[in-house]
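Contents: one structure, followed by commentary.
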Amino acid sequence: MKAFFLTRLFREKVLLTAFLALGALLWLSSLGRRSHAFLLQWRATSTQLATQQRWLDNRAGIELAATKAVAHLDPGHTFSSTRLLGELSTIADDVGVRGNAASEILGTERTSQFAVNTIQFSLRNVDWDSLKHFYVELSRRTPYIGLEQFSTTVAPGNASQLNVMLRVSSVEISQ
């Protein structure tokens, strides 16, 4: 290889050296990008592992707090997903917006002591006073029903009406 290089003309030597340098530069650039991506992933993973370790270290305290919280809840007031859906419909009926409501059961997360049921509930073309009354009625059922997410948009074609999307969850004590 050395003999091949030395037998070339000067301009060919410069061109071969330039190609070799360009190849090395591209390789180093790629190595730098991969190293940076690896470092970012390593930091994110380390952070996640540290967070998970803190949760595991505090497991006894978390379980004790959950046991105390469940002890203060009345099982008769907790809601299954079906009962939660019925309760939201009842609140909507009481407020007068039932015809504009739609709902979808999103799922249930279960633990050994309780289950958390989640429902997506939407109200279309409701006025501000009805929405406020719906929220007040919903907040009266705390801590058994909780509002996780709330988004409001103006109804198309009528600026005095609102479209509301709610993500509502309830606690159900496992017997």
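Readers should treat all values here as calculations from the given coordinates under stated rules, not as data from a laboratory. Here the structure is a predicted model, which is why all the values come from computation and not from measurement. Please note: Cβ atoms are built from the backbone with ideal geometry, for glycine as well, and neighbour counts cover all protein chains shown.
When 1/r is averaged over all different Cα pairs and the result inverted, which Kirkwood radius in Å belongs to region 1-81? After inverting the pairwise mean of 1/r, the radius is 19.2 Å. Computing FRET efficiency as 1/(1 + (r/R0)^6) for residue 63 and residue 142, where r is the C-beta to C-beta distance and R0 is 25 Å, gives about 0.60.
Specify whether the C-alpha gyration tensor of the chain places it in the rounded, prolate or oblate class, a ≥ b ≥ c being the square roots of the eigenvalues: rounded for a/c under 1.5, otherwise prolate if a/b is larger than b/c and oblate if not. Oblate, because a/c is 1.5 or more while a/b does not exceed b/c.
Annotation: the residues 35, 89, sorted from fewest to most other C-beta atoms within 10 Å of their own C-beta, follow the order 35, 89.
Report the local net charge at residue 18: Lys and Arg +1, Asp and Glu -1, summed over other residues whose C-beta lies under 11 Å from its C-beta. Result for the local shell: +1.
Entry note, region 71-164: relative contact order of 26 percent, from Cα contacts under 8 Å with a spacing of 6+ residues. With helices defined as uninterrupted DSSP H runs, which ones in the chain have an alpha carbon span along their own long axis of at least 30 Å and mean Kyte-Doolittle hydropathy of at least -1.0? Long hydrophobic helices here: 10-57. For region 135-169 versus region 1-59, the inter-centroid distance based on Cα atoms is 51 Å. Straight distance only, please: which lysines reach the Cα of residue 2 with their own Cα at less than 23 Å, same-chain residues fewer than 8 apart left out? Partners found: 13. Contact order for the chain, expressed relative to its length and based on alpha carbon pairs under 8 Å spaced 6+ residues apart, stands at 20 percent.
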